[in-house]
Ligand code: ADP
Ligand code: ASP
Ligand code: MG
């Protein structure tokens, strides 16, 4: 294991000159931090995603590009000497402008990845220069030379072996000499084409890179001092959790707690890398440690909310006491590479939710050809505008009364789907999006406050 610490800074942490300077201070305070993974400046990826979806109105498109330029120029203007990086930022903005025009003619996932990757490519130029101006020997490194993925644009899968080999060749030697500033979120496939890991993917990048360099620690610096009992924006009395196990935190991330990308903890768990989550605005407030083993295993640990859920219900009266229906359904889904998230069944129907985490951020759709094929088997109903709430805890299905506490609180809500007992760590249910935040608030009051 190397003595490297990997520190990741999210969008709000690098939103402007002051925020970036606070990150620099955090890096300076820990000499073991040799590798820094940065997101795009706050708001930038959202603008890039809009452009990638094709903004046909010229004025609107140019306005978005000017907004993008303004975010970066504001930081450049506060540097002592931006002359070396200004042309690079300008070149990237020009690239965005050109690709945005192409996106008006044809939106593709490949083009989207090229376009949205420009955010992290810009922020890291600026971050590295800011560090150098503070007297740190910092270099910017293009992570596409190391983070090798497949070609699933928008939600690429990393190739761990190749990433490790490339890190050994290209990255570790560099970290021994300099503090390396690199991009989260982006990678490249075998042909060198740019890919992305899905929205919020910088956390996952940081963990993958930490694994590849065998880091001794991974720090996720964000805008809240740790992982809370639920999103503090929804429940004002949510409180930070000082220590949480990998499995509990993974479930939280999986079920939508935006604080961590769903896959972040997989590499950390594989290599037993302790993860710290803290606020770059207030590092003195401490944060959350995510570890393999922790002292407490409370019945209720946290609540997570995931929006934009799509539920597919497949009904077939002939399914009653028959066999083979589910196998047929899953054969069709597998053939079309449709990934299923939750599932419940009854005698004559099966309901499932579709997996979703790609860069577009849209609710997943059941493609028309898949729907048609399923309709040959059964009646297909697709429902969107749903949200999933997950209660994360320990041994909930073994403890008497825990379901009563939850469903008592949710009495007035129309629950569309309930999954309970398959995992000792979660109980989750689907409900209409417009009432989901209220349900989280009430559950938080009754179970955590
Ligand atoms: P970054 O840009 O640093 O990656 P994100 O916006 O992706 O930051 O994630 C941080 C946000 O996650 C917080 O501001 C908070 O609103 C939200 N969040 C959701 N669930 C939780 C939770 N359980 N604990 C803390 N923050 C949470
Ligand atoms: N910039 C990307 C996003 O906003 C990745 C990240 O910040 O984690 O989704
Ligand atoms: Mg994030």
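Inspect the range 176-184 for any residue being closer than 21 Å to residue 118 by Cβ and within 16 Å of ligand 3 (Cβ to nearest atom) and give the result as yes or no.
yes
When you scan the range 142-168, how many residues do you find that are outside any helix (DSSP H, G or I), under 27 Å from residue 85 (Cβ atoms) and in contact with a helix residue (DSSP H, G or I) (Cβ under 6 Å, 6 or more places away or on another chain)?
Adding up the residues that qualify gives 3.
Consider residue 266 carefully, then state whether it is in contact with a strand residue (DSSP E or B) (Cβ under 9 Å, 6 or more places away or on another chain) and either touching a residue at least 24 places away in the same chain (Cβ under 8 Å) or within 16 Å of ligand 3 (Cβ to nearest atom) (or both).
Considered against the rule, which asks whether it is in contact with a strand residue (DSSP E or B) (Cβ under 9 Å, 6 or more places away or on another chain) and either touching a residue at least 24 places away in the same chain (Cβ under 8 Å) or within 16 Å of ligand 3 (Cβ to nearest atom) (or both), residue 266 comes out as no.
May I ask you to verify whether residue 227 is surrounded by fewer than 24 Cβ atoms within 10 Å (Cβ to Cβ), modelled with pLDDT of 95 or more, more than 14 Å from ligand 2 (Cβ to nearest atom) and more than 19 Å from residue 155 (Cβ to Cβ)? Write out each step before concluding.
Numbers: surrounded by fewer than 24 Cβ atoms within 10 Å (Cβ to Cβ): no; modelled with pLDDT of 95 or more: yes; more than 14 Å from ligand 2 (Cβ to nearest atom): yes; more than 19 Å from residue 155 (Cβ to Cβ): yes.
So residue 227 fails the test.
I need the full set of residues from the range 242-259 which are away from ligand 2 (no atom under 16 Å from the Cβ), closer than 20 Å to residue 286 by Cα and not in a helix (DSSP H, G or I), in order please.
Correct list: 242, 243, 244, 245.
Of these, 50, 39, which one is within 16 Å of ligand 1 (Cβ to nearest atom), in contact (Cβ under 8 Å) with a residue 12 or more places away in the chain and within 29 Å of residue 110 (Cβ to Cβ)?
Exactly one of 50, 39 is within 16 Å of ligand 1 (Cβ to nearest atom), in contact (Cβ under 8 Å) with a residue 12 or more places away in the chain and within 29 Å of residue 110 (Cβ to Cβ), namely 39.
Is there a residue being in a loop (DSSP other than H, G, I, E, B) and free of Cβ contacts under 8 Å to residues at least 60 places away in the same chain anywhere in the range 180-188? Don't jump to the end; show me each part of the working.
Quick first cut of the range 180-188, residues in a loop (DSSP other than H, G, I, E, B) only: 184-185.
Narrowing the set further to residues that are free of Cβ contacts under 8 Å to residues at least 60 places away in the same chain leaves none.
Scanning the range 180-188, I find no residue that is in a loop (DSSP other than H, G, I, E, B) and free of Cβ contacts under 8 Å to residues at least 60 places away in the same chain, so the answer is no.
Which of the following residues is away from ligand 3 (no atom under 16 Å from the Cβ) and touching a residue at least 60 places away in the same chain (Cβ under 8 Å): 288, 313, 331?
After ruling out the rest, the residue left standing is 313.
Among the numbered criteria (1) within 14 Å of ligand 3 (Cβ to nearest atom); (2) over 21 Å from residue 37 (Cα atoms); (3) assigned to a loop (DSSP other than H, G, I, E, B), which one does residue 293 miss?
(1)
Is there a residue being under 23 Å from residue 18 (Cα atoms), more than 14 Å from ligand 2 (Cβ to nearest atom) and modelled with pLDDT of 95 or more anywhere in the range 181-194?
Yes, because at least one residue in the range 181-194 is under 23 Å from residue 18 (Cα atoms), more than 14 Å from ligand 2 (Cβ to nearest atom) and modelled with pLDDT of 95 or more.
What are the residues in the range 204-224 that are within 13 Å of ligand 1 (Cβ to nearest atom), crowded, with 20+ Cβ neighbours inside 10 Å and either without any contact (Cβ under 8 Å) to a residue 12 or more places away in the chain or in a loop (DSSP other than H, G, I, E, B) (or both), if any?
224
The values are calculated or read from the model by the stated rules, or taken from the named source; none is laboratory data. This structure is a prediction, so every number in the text was calculated from the model and none was measured. Cβ: placed from backbone, ideal geometry, glycine included. Neighbour counts: every protein chain shown.
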